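Reading through the C-alpha cells given below for one structure.
Throughout, read-outs are computed from the coordinates displayed, never taken from laboratory work. Predicted model only: the values in this text are computed from it and were never measured. Here the Cβ is made from the backbone with ideal geometry for all residues, glycine too, and neighbour counts use every protein chain on show.
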Amino acid sequence: MNKVLDAALLLLARREYSAKELASILLNKYESEEVATVITRCLEAGYLSNERFTESRIRHRIQQGYGPLWIQQELRRSGIDNELIDSYLSKEDDFWAERASQIIEKKFSNKTNDFLKMQRYIYQKGFLAEHIQQALRIVDRSKL
C-alpha cells in the first residue's frame, strides 16, 4: 500500500490528475483494491481533487487556443462529470467569440482573407458555430 501511495504522490507532485486518470495509471502496475484505497485516501486528504484538475485543465487548454467543445470532451474522457464541467467552463458567447478571433488573427495574421480556411481551422479547435461566425465578423472588421 505504501508503494502505491508513494507512486500516486509522486505523480501528483508533478501536475493535477483526475481520479480516473490517476487510477488508470496506477492500475497498470498495482492491484485494483490497493489503487481504490489510495485514490480514496488521496481524495480525503486533498492531494487529489477533480475540481482543481478541472480548473487547471480548462485554464491550460484556453491558453493553448482550444474551444469549449474540445475542452468539454477532454474533461469527459478524464472522468469529470457534466455538472462539474458546466460549473467551471464559461458559457459566455462573447468570451469565446473574442478568444476565437484572437486565435484567427494570430494564426493567419493578414496572410489570407480566406474565411473558409479560417472557419475550418477554428472549428477544429472546438469552437461552436456561433462563436466562429462572431469571430469572423470581428476579424473582418479589423481588416477593413
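Among the residues of the range 64-83, those that are part of a helix (DSSP H, G or I) and either within 10 Å of the chain's Cα centre (by Cα) or buried (at least 17 other Cβ atoms within 10 Å of the Cβ) (or both) comprise 68, 69, 70, 71, 72, 73, 74, 75, 76. Within the range 106-115, is there a residue that is closer than 19 Å to residue 61 by Cβ, in a loop (DSSP other than H, G, I, E, B), touching a residue at least 24 places away in the same chain (Cβ under 8 Å) and of a type outside the set (Asp, Glu)? Among the residues of the range 106-115, not one is closer than 19 Å to residue 61 by Cβ, in a loop (DSSP other than H, G, I, E, B), touching a residue at least 24 places away in the same chain (Cβ under 8 Å) and of a type outside the set (Asp, Glu), which makes the answer no. The condition (being among the polar types (S, T, N, Q), buried (at least 16 other Cβ atoms within 10 Å of the Cβ) and in contact with a helix residue (DSSP H, G or I) (Cβ under 8 Å, 6 or more places away or on another chain)) is satisfied by just one residue among 90, 18: 18.
Looking only at residues in the range 30-53 that are touching a helix residue (DSSP H, G or I) at 6+ places or on another chain (Cβ under 7 Å) and not in a helix (DSSP H, G or I), the one that is farthest from residue 78 (Cα to Cα) is 30.
Across the range 24-41, what is the number of residues that are of a type in the set (Gly, Ala, Ser) and either closer than 14 Å to residue 3 by Cα or over 22 Å from the mean Cα position of the chain (by Cα) (or both)?
2
One residue stands out in the range 95-105 among those that are free of Cβ contacts under 8 Å to residues at least 40 places away in the same chain and surrounded by fewer than 18 Cβ atoms within 10 Å (Cβ to Cβ): the one that is farthest from residue 131 (Cα to Cα), namely 105.
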